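Enquirer: This structure is in structure tokens; I'll ask about it shortly.
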Amino acid sequence: MRLNREGLMTISRNDAAAALSDIENTQRRGMTLRGYRVGGPILMMWSLIWATGYLTMGLAPPELWLPVWLGLDVVGVAGALLLARAGKPAGAGAPPGMTWRLLGGSLALMIFALSVFWVMKPTEPAAAMAFPGLLIGVIYAVVGFWAAPRYAVIGALMFGLTLVGYVLFRPWLPFWMAAASGALFLSGVWLWRR
Amino acid sequence: MAESDDIIHQPLRLKIMAALSAEKGQPLDFPRLKTITQATDGNLGSHLATLEKAGYVAIEKDFVGKRPRTQVRLTAEGRKAFRAHVDYLRAVVEAAEDEG
């Protein structure tokens, strides 16, 4: 900083650019933390849906799996929308297009998952059970690497737990996956509390 | 050209103002503000006191159950001063680019 002819403080271009960069980084950090606070309860809710879906796969006949999962997905998407709305700052206004982004993203995921089953035709139930865990794990990991690092940890955890279950506990995979939803719930608490 | 606001320009105070400005009028509690600004307790407290004295932030203390809570929010004056300072910073960068 230096004084100009009027005795006012002036700053150099580098100082000004550094200050603007500081502002941007701070606001991005704040936004990420706010995202964690909103995302935590959504993750906790999905852990319950996850457990219900996998317990259904473990206890109910296969013809019920698809309708139950579709129903649970609808509940999950609606719940995520409500929780996201409740979690935003009152003065922030509606995030532009968030509802459509969430609905479109969920629909794309569902179509992708159903298409994979249709194309690959898994003959072993364990393969069909492991697929959602791997898919969600990799999605969280990608979100984590692009925007919010804690999701990378959660994604790696879900991916790892799914593979461990598939390799070591295949006969009990639906129950293993239902139990793994506890890790998803704790991940939600971790996001929410920080 | 706008002028530099020397109260806001101090690096930690700039971060505090930036963090609060992004909250769109909602308060931030002390621990979250500390995490966002990456400051220590003492440092954050002393710079918040400076900003409060300037009328740029309002600090409210209450209890959640038995636990004390400190919440900080940007005042209207603080929001105006922060915007003006950001405009000033942008003007400095743009002026330097034009000269270059």
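None of the figures in this text is laboratory data; all of them are computed from the coordinates on show. Everything numeric here is computed off the predicted structure, so don't read it as measured data. FYI the Cβ positions are ideal-geometry reconstructions off the backbone, even for glycines, and counts take in every protein chain you see.
Enquirer: At 0.890 mPa s and 25 °C, plugging the Kirkwood radius over alpha-carbon pairs of segment B:59-100 into Stokes-Einstein gives what diffusion coefficient in µm²/s?
Expert: D, rounded to a whole number, is 186 µm²/s.
Enquirer: Further question: Fewest first, what order do B:Leu44, A:Leu134, B:Leu89 take by the number of other Cβ atoms within 10 Å?
Expert: The order, fewest Cβ neighbours first, is A:Leu134, B:Leu44, B:Leu89.
Enquirer: Within 10 Å of each Cβ of B:20-27, how many other protein chain Cβ atoms are there on average?
Expert: Whole-number average of other-chain Cβ neighbours for B:20-27 is 5.
Enquirer: Treat chain A as a sphere of radius equal to its Kirkwood radius over Cα pairs and apply Stokes-Einstein at 4 °C in a medium of 1.567 mPa s; give the translational diffusion coefficient in µm²/s, rounded to a whole number.
Expert: Calculated translational D: 68 µm²/s.
Enquirer: Here is a follow-up. Show which lysines lie in cross-link reach of B:Lys24 when reach means a straight Cα distance below 21 angstrom and same-chain residues fewer than eight apart are skipped.
Expert: Result set, ordered by chain and number: A:Lys88, B:Lys15, B:Lys34, B:Lys61, B:Lys80.
Enquirer: Using only helices, what value at 222 nm comes out for chain A when you add -39,500 (n - 2.57) per DSSP H run of length 4 or more and divide by the total residues, to the nearest 500 deg cm²/dmol?
Expert: -28500 deg cm²/dmol
Enquirer: For B:Ser21, A:Ser187, A:Ser21, what ranking results if the residue with the fewest other Cβ atoms within 10 Å of its Cβ goes first?
Expert: Ordered from fewest to most neighbouring Cβ atoms within 10 Å, B:Ser21, A:Ser187, A:Ser21 come out as A:Ser21, B:Ser21, A:Ser187.
Enquirer: Given Cα pairs under 8 Å that are at least 6 residues apart, what percent is the relative contact order of chain B?
Expert: 36 percent
Enquirer: If you don't mind, there's one more thing I want to ask. Can you pull the mean other chain C-beta count within 10 Å for peptide B:9-17?
Expert: 3
Enquirer: Still on this structure: Give me the distance in nm between label points sitting 7 Å out from Cα along the Cα-to-Cβ direction at B:Thr75 and A:Ala183, one decimal.
Expert: 5.1 nm
Enquirer: Taking every pair of Cα atoms in segment B:11-98, average 1/r, invert it to obtain the Kirkwood radius, and report Rg/Rh to two decimals.
Expert: Result: Rg/Rh = 1.05.
Enquirer: Extent of segment A:109-194 along each principal axis, from alpha carbon coordinates, in Å, largest to smallest?
Expert: 43, 26, 17
Enquirer: For A:Trp65, A:Trp190, what ranking results if the residue with the fewest other Cβ atoms within 10 Å of its Cβ goes first?
Expert: Sorted ascending by nearby Cβ count, the order is A:Trp190, A:Trp65.
Enquirer: Right, next: Sum -39500 (n - 2.57) across every DSSP H segment of at least 4 residues in chain B, then divide by the residue count to get the 222 nm mean residue ellipticity, nearest 500.
Expert: It lands at -18500 deg cm²/dmol.
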